[in-house]
Structures are given as structure tokens and as C-alpha cells.
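Reading through the C-alpha cells given below for one structure.
Taken together, the values in this text are just the output of simple stated rules run on the coordinates, not laboratory data. Predicted, not measured: the structure shown is a model, and the values here were computed from it. Neighbour counts are summed over all protein chains in view; Cβ atoms, including those assigned to glycine, are modelled from backbone coordinates with ideal geometry.
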Amino acid sequence: MRTAFLTLLLIVLASPHAKCQTADDTQNKGSIQGSVVDSKTGQPLRGADVTLRGFSQGSRGGDGSSTVSDSEGHFAFDGLAPGRYRLTASRNGYVNRDPRLGGGARPGVVSLSSGQHADGVILRLLPSAVIVGRVTSEGEEPVPNVFVQAMKFTYQGDKRKLSDVGTATTNDRGEYRIWGLAPGKYYVRATHPRGGAVRPGSTIYVPIFYPGVSDLSRTQPIELHPGDEISGIDLAFGAVRSVRVNGRVLNASSLAVKDAQVTLVGGSGTMVYAAGQASTDAKGAFELRSVAPGSYTLIAEQFGNADPEKVARGRTSLEVGEGNLNDVEVIIGPGASLSGHVRVEGKTNPDFAKLTVALDAQDDLSSMGFAPDVSNVPLRSDGTFTFHDVPEGTYHIKVLPLPDGYYLKPSGEGDAVEAGVKVARNHAAAVELTLSTGAGRITGTVAKDQQAFAGATVVLVPDGARRGQPRFYRQALTDASGRFTISSVTPGDYKLFAWEEIERGMYLDPDFLQSYEDSGKPVQVEEGGSLNLQVDLIPASD
């Protein structure tokens, strides 16, 4: 009886405290409310999927929740603890955000304090675009089952390549429709279902770009704006007669190479493709069938049995005409050594043990995996380095990571830093590099409507011939105060841009930059100079 009485007394005494604690927890909870709208018309969007996800120590993380916008485009999330949250939205007929390719709604980031109610958050969705067309062959005969690609240039690191963004297959009338595309410039490519020849001398269909050409340099890009539906993007295949290419793979001693892999690569620039593959026999002979007339690169590779990393390579250029091409020879070799020395110009010396030297092939074939993987090599304590088995070709050379305040100093026109390192077959090469402490530094603020803007992408773009060399570019993001810092700048002339939103690496694209040339702020960086600048934001709507 006494125990029951004490238990009841504790419950009675604890109840007010529990009620108070519950009330305090409720008061600490916040909410986020807002609307999803069409970025082009400003009209509210019903039925959009809205996702809320919390940040964990400044990065994306935490538990997520979702809701659907109502007839007025309104959404709400209640019972939220203090913290930072990311809001995203998606809907059929609008572009889903892809950081690699651009488009979609810029995520909304909201910070909640204890008990705060954030209202009026606007999520803008970009109407997607559509490409429609028809594919035919001789006599305007419709071709079903054609694989059609909408492609655009993207960047992986500093490598420019054409990437699939949308695909479709033609129906029995030869019609196709590619939807869900973000605004931008696209190239349409079609691949015939009967591309290869059954026997030498029979007809084949090579892949074509709109408006019906096989060479990307002669294609016609299609410019899409939000909500566009571009029709009439028609392509017509024409059959060509195939030929044979045969020859031998030899080593530097003119001996036949068995089991070498031979690949015929067609196309040019950033659009290359394998037009045929074969292996050599015991006499080093190979034959490639079903080859269309055109310009090609013939690549031969022999992988070491004991060490697959040891690869002997060789290549030659081919012009294939209307007849068979015989007795082609490809000489392969293990590559050459490349040695060098890094000296330091200035009063301080970086720790060489933390630095490496990297080679990056200046080669259109890198997108197909034919660029040699020569990796990075460490700097020795005396500043020397050595690469082994480097295939012939021309390479960009870099010191990584570039120490703060330093830059790789060019020694004049034609030097290794500006023009690249040329490696010849079986011929050792040597380079001298200079790390200088005279690098420039730029700090500043990005403003929108005279207010500091956080999260802007600030890019320092070189002028003149250096614009085609990615290592001279510098990028930074503005902090919560709209400030940025760019260091280790090679002295020279530049333009400074600040974008509210930009596709990854697109500032390396000359066509893209041309549209914003007048928005860049001219900057001259002196040796050891330091600048503090204010830059106007280029809005996402531009």
C-alpha cells in the first residue's frame, strides 16, 4: 500500500514537469513553407514533389522527408529542429537537376533557429524542352529501331567530351521524340540498326549527325530554350560500300608482333569512335572488315603477359578510299623515359616530399581510353623526377598540389609549360621547371542588387593563347559573406566572372564564354601582386 502511494505521488509531481518539457519541445520546433513555380511564367505548380533534407556539419546528410505541392503550388514542413535544410523540387515536364549537365531548380537552403517559421520560400522549376524528328534512308523510306542521341559537351576535369543527355528509338514510321532536356546547345546523332556489313564490299551505314553528316565539325547544333519543342530535326541515311584494311604490327626491330590489339578509330576532335578491331596472328598480320571510306587513326597495343601495366603502343594515320587498303604497317614500342628538375625561384622552399609531377596527354583519343596512363611521380628531395615508358606524344606537365603562393613559371614561348612536353619514340626527354613565389592573389566580394551573394562560382579566365590551357584557370566559391579568395595565380591578363549557377567546367568552353564576354571584369595580375575586387553576379536567368 505504501509503495503504491509513493508511485502515485511521483506521477502527480512529475506530470507538470512533463507537460512543461513537451511544451518547450514544441516551442523549439520550426517550420518551412513556400511555393513551387514555373521559372518561365511564374505560375504556381501543382503536384510537384518537394524534398527536405537536413545538413550534417555543412554537408548533405540527415533524414529526408517529402511532400507534394497543392493546387496553389504551396508546400509545408512542420516540426523541424533548428539547423540547415536543403529543399529540392521535381515535376513531370520540368528539368530534373543534374549537377553535371545543368538545368533543374536551384536547391533552396534554409537555416532555422529555435522555433523559427520560415515562410515564402520559392522553388523555381525550369520547363524541359523536346526534340522531335524522323529518320529515313534511300527513297525517304522510314527506318525503325534507329538509336537517336541528344548530346552536349560536358567536362570531366579539364577534358571536354560529348555526353548523352537524352535518347530515343524510332518507331515504325521512323519517328523519334527526345524529351526532358534542359536549355542548351545539342547535337543529334543517329545510329542505324544495320550498321555493319555482312561481307566485304557490301553496303554499310555509318552513324550520322544532324543534318545528315558523319563529321561532327560539319554538324548543325540545336539551341534549346525552356519549354521549346523543336520539330523537323530529320536525318537521312545513305549507304556506302565497305572496304578492307589489312597489314602488320612490328616492333622496333622489324619483328612481327603476335596478339597485338589493333583498333581503327574514326571521327575527330571530341567525337571519336571505334570503327573496327582485330588481333594479330603469329605473323603479326591483321585484317579489318566493313570499313567505310574516311580518315582514321590506326592504334596497336601489346600488353605484357607478366606485367599488364607494361604496354607497347604505336599508331599511324590512314586515309581509306573506295578500294581495299593493304600492307599497312604499325610500329610499336615501350615508350621513352622523361626526366626533369624543379628549381625554386624565391626566398622560401616548399617541401618537395609533398609534391608530385603529372603528365596529361594532349590527345583527342583520351575519351576512348587510348590516352597513356603515365600517372604521377613524386619529386625527390633534390627536385628531380623521372617518368618511365612514356608513349610518344605531347603532354601537359603540372606540379601537384601547387603550393600556396607559387606558380609554375613559363620560361618563354615554346617551353614545356606553355607548349607542352614532346616525347618521341625511344628517345629520352628532359625538362627544366621553375616554381616561383611571385604568384598573384585576388580577394573580393560578389554582389547581387548591391547585396553580398553566397554560393556564387567565381572563375578567373586567362586571356589570349592561355585561354585554351585549363591549368591557368582558377575557381572559387563565395562564403556566407559573399567573399572569395583566389591564390597561386600566374601573372598575366585575365577576366573575372561570377555566376549564380553554371554547369560544371563549362567556363572552359569557348562558345559558352563568348556569350558572357562583356560580363567579365578585366584583371591584370602583376608578379607578386594582390588585388581586392568587387564583382557583379551573373544571374541564373541570364
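Work out, step by step, the length gained on full extension between SER111 and GLU140: first 0.36 nm times the residue separation, then minus their alpha carbon distance; give nm to one decimal.
Working: separation 29, 0.36 × 29 = 10.44 nm, distance 5.97 nm.
Residue separation times 0.36 nm, minus the Cα-Cα distance, leaves 4.5 nm.
For region 129-240, rounded, prolate or oblate, judged on the Cα gyration tensor with a ≥ b ≥ c (square roots of eigenvalues), a/c < 1.5 rounded, else prolate if a/b > b/c? Working shown, then result.
Numbers: a/c = 2.23, a/b = 1.41, b/c = 1.58.
Taking the square roots of the gyration eigenvalues as a ≥ b ≥ c, region 129-240 is oblate.
Within 10 Å, Cβ to Cβ, of VAL523, how many net charges do the neighbouring residues add up to if Lys/Arg are +1 and Asp/Glu are -1?
On the way: positive: LYS495, LYS521; negative: ASP463, ASP493.
Computed value for this residue: 0.
Summing -39500 (n - 2.57) over the DSSP H runs of n ≥ 4 in the chain and dividing by its residue number, what mean residue ellipticity at 222 nm do you reach, to the nearest 500 deg cm²/dmol? Can you show the working numbers first?
Working: 3 runs with 36 residues, N = 542.
That calculation yields -2000 deg cm²/dmol at 222 nm.
Does region 462-501 come out rounded, prolate or oblate by the C-alpha gyration tensor, with a ≥ b ≥ c the root eigenvalues, rounded set by a/c under 1.5 and, if not, prolate when a/b is larger than b/c and oblate if not? Present the calculation step by step, with values, prior to reporting the outcome.
Values: a/c = 2.64, a/b = 1.92, b/c = 1.37.
Prolate.
Which residue, ASN376, VAL390, PHE153, has the largest displacement toward the positive end of the dipole of the chain when charges sit on each Cβ (Lys, Arg +1; Asp, Glu -1)?
Toward the positive end, the furthest listed residue is ASN376.
For helix 2-28, report the angle its Cα long axis makes with the longest principal axis of the Cα atoms of the chain; keep it between 0 and 90° and round to the nearest 10°.
Around 60 degrees separate the two axes.
For the chain, what does the relative contact order come out to in percent, with C-alpha contacts under 8 Å and a separation of six or more? Walk me through the numbers on the way to the answer.
Numbers: 1361 pairs, mean separation 47.0, N = 542.
Relative contact order comes out at 9 percent.
By how many nm would the segment from VAL132 to ARG380 lengthen if fully extended, with 0.36 nm per residue of separation less the alpha-carbon distance?
That pair, VAL132 and ARG380, stretches by 83.4 nm at full extension.
Where in region 375-460 are there GluC sites (Glu not before Pro) that are in a DSSP coil and have at most 11 other Cβ atoms within 10 angstrom of their Cβ?
Numbers: sites: GLU392, GLU413, GLU418, GLU432; in loops: GLU392, GLU413.
Sparse-neighbourhood loop GluC sites (Glu not before Pro): GLU413.
ARG504 versus ALA428, label points 7 Å from Cα toward the beta carbon: distance in nm?
Taking the simple label geometry, ARG504 and ALA428 are separated by 4.1 nm.
Under a plain spin-label model, where a point goes 7 Å from the Cα along Cα-to-Cβ, how far apart in nm are SER481 and GLN524?
3.0
Roughly what % antiparallel, to the nearest 5, for the DSSP beta bridges in the chain?
For the chain, the DSSP antiparallel bridge percentage is about 80.
Quickly rank 312-324, 481-493 as a protection proxy: mean count of other C-beta atoms within 10 Å, highest first. Working shown, then result.
Numbers: 312-324: 15.7, 481-493: 17.8.
The densest-packed peptide leads the list: 481-493, 312-324.
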